[in-house]
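Student: Encoded as structure tokens, here's the structure I'll be asking about.
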């Protein structure tokens with residue numbers, strides 16, 4: 001009887017260890033990054049280019065002025081077709097950065113890759129052709 005109890009406890013412990021760990025802080029950080037990435041796109045859509053830049057780290061602010069950001073953002077419809085909407089953000093780790101990927105639907109599918117540094121500031125912002133979402137099993 002005691003062996004059965006110990007075996008059950010051991011199996012329960014092994015099952016818990018095998019489950020993916022839930023890290024509320026990580027989920028909270030992901031939600032914060034996603035919210036900030038969306039805020040940048042909202043600011044760009046509304047013509048508030050300096051507000052978008054306020055989310056950038058110092059290197060990004062130095063490298064990308066408001067005028068260049070505005071010219072690039074406002075040129076997208078002429079180059080890619082009319083804007084039709086955004087898809088659901090997803091998260092990915094790339095080269096040491098946490099990246100929020102937001103699908104952008106124009107005449108051609110694009111995505112905004114918004115990379116966050118270890119301090120939670122935006123260290124990269126790229127508009128690129130959309131890549132397929134990896135299949136989940």
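Taken together, the values in this text are just the output of simple stated rules run on the coordinates, not laboratory data. Please read these numbers as outputs of a predicted model, since none were measured by experiment. Quick reminder, even Gly has a Cβ in these numbers, built from the backbone with ideal geometry, and neighbours come from all protein chains shown.
Student: Residue check: is residue 79 surrounded by fewer than 16 Cβ atoms within 10 Å (Cβ to Cβ), in contact with a strand residue (DSSP E or B) (Cβ under 8 Å, 6 or more places away or on another chain) and free of Cβ contacts under 8 Å to residues at least 24 places away in the same chain?
Tutor: Against the criterion (surrounded by fewer than 16 Cβ atoms within 10 Å (Cβ to Cβ), in contact with a strand residue (DSSP E or B) (Cβ under 8 Å, 6 or more places away or on another chain) and free of Cβ contacts under 8 Å to residues at least 24 places away in the same chain), residue 79 does not qualify.
Student: Continuing with this model, one more query. Does residue 45 satisfy the condition of being without any contact (Cβ under 8 Å) to a residue 60 or more places away in the chain and in contact with a helix residue (DSSP H, G or I) (Cβ under 7 Å, 6 or more places away or on another chain)?
Tutor: No; evaluated as a whole, the condition is false for this residue.
Student: Report the residue count in the stretch 48-61 for those that are free of Cβ contacts under 8 Å to residues at least 24 places away in the same chain and more than 13 Å from residue 122 (Cβ to Cβ).
Tutor: 2
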